[in-house]
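Participant: Here it is: the structure, laid out below.
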Amino acid sequence: MQQENNNLFLRVYDRLLAHYGPQEWWPGETDFEVMVGAVLTQNTNWINVEKAIANLKNGGQLSFSSLHRMDTDVLAEYIRPAGYYNIKARRLKNLLQMVVDEYEGELAFLFADSLDDSRKNLLQVKGVGPETADAILLYAARKPIFVVDTYTHRVFSRHGLVEEDTDYYSLQQEFLDSLPEEVSLFNEYHALIVAVAKEFCKKKKPRCNNCPLQRVEES
DNA sequence: TTCCGGACCG
DNA sequence: CGGTCCGGAA
């Protein structure tokens, strides 16, 4: 029986949740830590981000004031395990400077701002693109925005659920239009997509045989 | 040795 | 558009 598109997005979610269980993602100790992690994880496996964050923690430097004060070169050394450390150090500094300039240096003010305005300010930061901005908004600020990424595009386009040539905002809008506006759902769903993409929906040699999403578009 | 991945830059 | 920035996994 063919389902409405609306239900298919939820069907995919149900399949993934049944297979993987709740991911309870991004267990940063603070919102600040989650925000830092969102920048560090660009093009990078999370395991390396954890090493970088551990370095900062062990040095007692994982705070807004410490990182804002720190020389970019020094910060780069702390976050070296995350890869792209020079460019990410600059991006982190740019982000903190925006919070200083626009929100009196108070992260809570950024997060208390409206979704549209906080998103706009995040996107002004050189080094913060759509995915990083949305990850900060969803996972640190707990705002109802859906994070899409390369994995999301690959999984959904392969199943014919979205157009192959869709862009970030169109893809995101399809999720926002199809799902109830719940932060916890958006949080879990993105994490589940990452899980299935890394294990089954690989870029090369996808393992469709045992994939929990096989033929989901026909269900 | 190649592959993988966000965002910016030329 | 293609090139660049990086480290770890395949």
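Participant: So in the range A:196-219, with the set limited to residues that are within 16 Å of DNA strand C (Cβ to nearest atom) and buried (at least 18 other Cβ atoms within 10 Å of the Cβ), which one is nearest to residue A:17 (Cα to Cα)?
Facilitator: A:196
Participant: Kindly indicate whether residue A:29 is part of a loop (DSSP other than H, G, I, E, B), under 28 Å from residue A:211 (Cβ atoms) and more than 16 Å from DNA strand B (Cβ to nearest atom).
Facilitator: Details: part of a loop (DSSP other than H, G, I, E, B): yes; under 28 Å from residue A:211 (Cβ atoms): no; more than 16 Å from DNA strand B (Cβ to nearest atom): yes.
Judged against the criteria, residue A:29 is not a match.
Participant: Is it true that some residue in the range A:148-162 is open to solvent by 20 Å² or more (accessible area, probe 1.4 Å) and farther than 20 Å from residue A:195 by Cβ?
Facilitator: yes
Participant: Could you list, in sequence order, all residues of the range A:171-195 that are under 13 Å from residue A:20 (Cα atoms) and away from DNA strand C (no atom under 16 Å from the Cβ)? Explain how you work it out, then say what you get.
Facilitator: Residues of the range A:171-195 that are under 13 Å from residue A:20 (Cα atoms), as a first pass: A:188-195.
Result: A:188, A:189, A:190, A:191, A:192, A:193.
Participant: When residue A:47 is evaluated against the numbered criteria (1) within 13 Å of DNA strand B (Cβ to nearest atom); (2) closer than 21 Å to residue A:133 by Cβ; (3) at pLDDT below 95, which criterion, by number, is the only one it fails?
Facilitator: Status for residue A:47: all satisfied but (2).
Participant: Looking at the structure I just gave you, is residue A:116 away from DNA strand C (no atom under 16 Å from the Cβ), more than 17 Å from the chain's Cα centre (by Cα) and either free of Cβ contacts under 8 Å to residues at least 60 places away in the same chain or crowded, with 17+ Cβ neighbours inside 10 Å (or both)?
Facilitator: In short, yes.
Participant: Please work out if residue A:129 is farther than 30 Å from residue A:185 by Cβ and open to solvent by less than 50 Å² (accessible area, probe 1.4 Å).
Facilitator: No, not satisfied.
Participant: Would you check if there is a residue in the range A:31-41 being open to solvent by 60 Å² or more (accessible area, probe 1.4 Å) and not aromatic (Phe, Trp, Tyr)? Before the answer, list the steps.
Facilitator: Residues of the range A:31-41 open to solvent by 60 Å² or more (accessible area, probe 1.4 Å): none.
Checking the range A:31-41: not a single residue is open to solvent by 60 Å² or more (accessible area, probe 1.4 Å) and not aromatic (Phe, Trp, Tyr).
Participant: How many residues are more than 16 Å from DNA strand C (Cβ to nearest atom), aliphatic (A, V, I, L, M) and assigned to a helix (DSSP H, G or I) when one looks only at the range A:57-90?
Facilitator: The total comes to 1.
Participant: Out of all the residues in the range A:141-169, which are more than 12 Å from DNA strand B (Cβ to nearest atom), over 17 Å from residue A:8 (Cα atoms) and assigned to a helix (DSSP H, G or I)?
Facilitator: Result: no residue meets the conditions.
Participant: Mind listing whichever residues of the range A:86-103 are within 12 Å of residue A:67 (Cα to Cα) and within 14 Å of DNA strand B (Cβ to nearest atom)?
Facilitator: Across the range A:86-103, the qualifying residues are A:89, A:90, A:91, A:92, A:93, A:94, A:95, A:97.
Participant: Give just the number: which of (1) among the hydrophobic types (A, V, I, L, M, F, W, C); (2) closer than 19 Å to residue A:41 by Cβ; (3) not assigned by TED's automatic domain parsing to the domain that holds residue A:87 does residue A:123 not satisfy?
Facilitator: (3)
The values are calculated or read from the model by the stated rules, or taken from the named source; none is laboratory data. The model shown is predicted, which means the values in this text are computed figures rather than measured ones. Heads up, the Cβs are rebuilt from the backbone with ideal geometry, glycines too, and the neighbour counts pull from every protein chain shown. Just so you know, the surface numbers come from the protein's heavy atoms only, side chains and all, with ligands and any DNA or RNA stripped out. Shrake-Rupley method; radii C 1.70, N 1.55, O 1.52, S 1.80 Å.
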